[in-house]
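The values are calculated or read from the model by the stated rules, or taken from the named source; none is laboratory data. Source: prediction; values computed, not measured. Every residue, glycine as well, gets a Cβ built from its backbone with ideal geometry; the counts of neighbours run over all protein chains shown.
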């Protein structure tokens, strides 16, 4: 299991947002921790905090990471978790983060995932947090403008993280907790739909947002949603709905007349953390492939009428083979990730673009 100490080594000196005048202080902090002089390290971290521009949230987050490392070495796990969450809050608040901030955000998420995994009731939260770290490193691994340590370093770390992810899933599993209320409410932008030349979208039935099970979608639509330019309110099965974006902060979803779209009603709560609740409707673009992190309608080949709505990811084994992982995002810890051993066993029916919710 990746711990705070090992992940902290990935921080690197070049990803420490500090000036030259504070480098010696940073080195003294590392030396104190290496010599198990943890109280001394915490005092030096206080000095570092005072030396940092209070407006530099990325640097302040680095101080919290140092504290988390020191508390972890002292086996003060609760204090370490509090420091990681403080760093996470600071980094999330940064507008237009640069590579350094994205790098550090990924490390914070990976450390948080390891901390959550130790708590049997937070297994699902751990997997979701690890996934966020993976997504950030994958972005950096494909960015030709990435500075040191460079895209190849990120690709190696992504492979290492995926292997760890897979081992965690295949190893002994903590006992899941009962459903709990969300402490992290999902916020999504309400959007306007630009349908182009499309006049309507068919509602084809329902899909399970739980484990695999019968898909109620049929060849005949159960409703037809009328469209018009810049529409922001939709009548679905006789009730008004607003549309919310599942794929980013944009307040407009634009449809292409050359692409097929369809709507499904959601049964189950395995995606409620993503803002998809039972009884909502999702709009999907019909396609037979998905990218990492897409919310997709997935079926298993050779299993009739089986479908589920999950976040699509891939994990890589040590031998280089990839497996498909379908992740729930739920406040209900009873929902487990679904690991597909052969990628060609999975059929993607579509990728979710938005979710329709009742106006009241």
Query raised in the report: Restricting attention to the range 211-223, which residues are under 17 Å from residue 266 (Cβ atoms), assigned to a loop (DSSP other than H, G, I, E, B) and at pLDDT 55 or above?
Result: 221, 222
Query - Qualifying residue in the range 248-260 (condition: surrounded by fewer than 18 Cβ atoms within 10 Å (Cβ to Cβ), free of Cβ contacts under 8 Å to residues at least 24 places away in the same chain and under 22 Å from the mean Cα position of the chain (by Cα)) - result: yes
**Report entry** Odd one out for residue 303, checked against (1) modelled with pLDDT of 90 or more; (2) surrounded by fewer than 20 Cβ atoms within 10 Å (Cβ to Cβ)
**Finding:** (1)
**Report entry** Criterion violated by residue 357 - all others in (1) assigned to a loop (DSSP other than H, G, I, E, B); (2) farther than 22 Å from residue 138 by Cα satisfied
**Finding:** (1)
Report task. Check whether at least one residue in the range 279-295 is at pLDDT below 80 and assigned by TED's automatic domain parsing to the domain that holds residue 233, and report yes or no. Result -> no
Report task. Please go through the range 227-249 and pick out each residue that is touching a strand residue (DSSP E or B) at 6+ places or on another chain (Cβ under 7 Å), in a loop (DSSP other than H, G, I, E, B) and under 24 Å from residue 328 (Cα atoms). Result -> 246, 247
Report summary line: Checked 226, 126 against criteria (at pLDDT 65 or above, under 23 Å from the mean Cα position of the chain (by Cα) and surrounded by fewer than 21 Cβ atoms within 10 Å (Cβ to Cβ)); the one match is 126
